[in-house]
Amino acid sequence: MSEELGGSERLLARFGRRYAGVVRIATALPIGAISVFRVAPEFTAAQIVQACVLVAWTCVYAWWLTRSDQVLLPLTVDVAGLLAACVVSAVLVSTTGADVDRGPLRLLVTFGVVTYQWYAPPLAGGLAALAAVGALVLTSVVVGADMDILRGQAWVLVAAGLSRAAWVLIVRAARRADALALEAERARRAAHVEAAVRADQRELANALHDTASTTLLMVGTGQVPAGAGWLAPQARRDLDRMRTDGRRVPDHADLVAMLREDLDATHLAVRLDGPERIPLPFAVAQAIADAAREALNNVRRHAGVDHAAVRLRGDSRGLRLDIVDEGVGFPVDEVPGTRRGLRHSVHGRMSRIGGTATVISAVGAGTVVRLEWRAEHE
């Protein structure tokens, strides 16, 4: 079988071989029985032997087709068997004066040449049909069959042709299905690549927003006093973060350690209350830590206070992280949807790892940013 066949066509080719074997077995038994009942009594024993040989070969032939991708050898052997059956039947008619119509043999040839078209290549199937039907017609002429019988036997070629035409249509449909499946797979891969590119672009934009652009904004708006000692280290951290976003990352990371590392860059007095460590998948830990850092950046920029609290509860199966400040607060419902800090850097990051972000605030009542995540298997 050609390695170039698509999945549907390979399955169809295997089905054709198996179905041909099933049909031959299903028809061999009644054909053998008919041949025994129609023969003269003195030849019943010989006909029983022939019927048994027919059924035995049919079983071997069907097994051969279903167990191997090879088709030409079993096809050749089967055609040779049909030719031998035609000759033996002609001899039997000539010596016994039996019915020259040879109905059982015609059935055997018909089912043979029809089923050849389901698995043999077109040329091989056509030659096999011509050989079998030709032998049937030729031996019928030899035994003196009339034109009606000969025409009926010749119509077996038409049946074989119709069988081939139907099979060609089915194969074309299978090829079309394979082409559509391949096209769909290509489209899926392209969409996956495009989504990955968009995700990288989105994360780069978030990283820019959370690091370099925030630092530059503070400098540009005069929030950084002259001679601030933390500015140069902060700029270095921002640049390092931008350079290493494409680095090879570990499978897991300690969320608590990542939070403590980020606290040094917030320029706030932050009290961290939580477990000693919480190991998480790296992507999850990174997203939560980045979202928490952005929430603390918002405290520094907007809350009007210089301190905050970070409360972490949970473990590697699920956790809740609260970033709490006692600042001026704000009306949550009035925050524009275009604000990148909350929409992308906090909500977006938590959403991508299957978590949630909730902001609780009111004017004069401070703010709580609550990050929650739970492992999928829980």
Review point. If the chain between Arg352 and Val55 were fully stretched, how many nm would it gain, using 0.36 nm times the residue separation less the Cα-Cα distance?
Key: 100.5 nm
Review point. Between the range 103-164 and the range 261-290, how many Å separate their Cα centres?
Key: 82 Å
Revision key, fill the gap. Two pseudo-spin positions, 7 Å from Cα along C-beta at Ile25 and at Met147, lie apart in nanometres by 4.4 nm
Review point. In the range 101-143, what percent of the accessible surface is made up of carbon and sulfur (1.4 Å probe, ligands and nucleic acids excluded)?
Key: 82 percent
Review point. Whole-Hz Karplus ³J(HN,Hα) for the range 163-174, in order, using 6.51 cos²θ - 1.76 cosθ + 1.60 and θ = phi - 60°, x for Gly and Pro?
Key: 4, 5, 4, 5, 5, 4, 4, 5, 5, 4, 5, 5
Check your understanding: Expressed in nm², what is the orientationally averaged projection area of the convex hull enclosing the Cα positions of the range 57-167?
Key -> 6.6 nm²
Exercise for review: Arrange the residues Thr115, Thr76 by how much accessible surface each exposes, largest first, with a 1.4 angstrom probe.
Suggested key: Thr76, Thr115
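The values are calculated or read from the model by the stated rules, or taken from the named source; none is laboratory data. Every value quoted in this text rests on a predicted model; they were computed, and no experiment measured them. Positions of Cβ are generated from backbone atoms using ideal geometry, with glycine treated the same way; all protein chains shown enter the neighbour counts. Ligands, DNA and RNA are stripped out before the accessible areas are found, and what is left, the full protein with its side chains, is counted by its heavy atoms. Shrake-Rupley method; radii C 1.70, N 1.55, O 1.52, S 1.80 Å.
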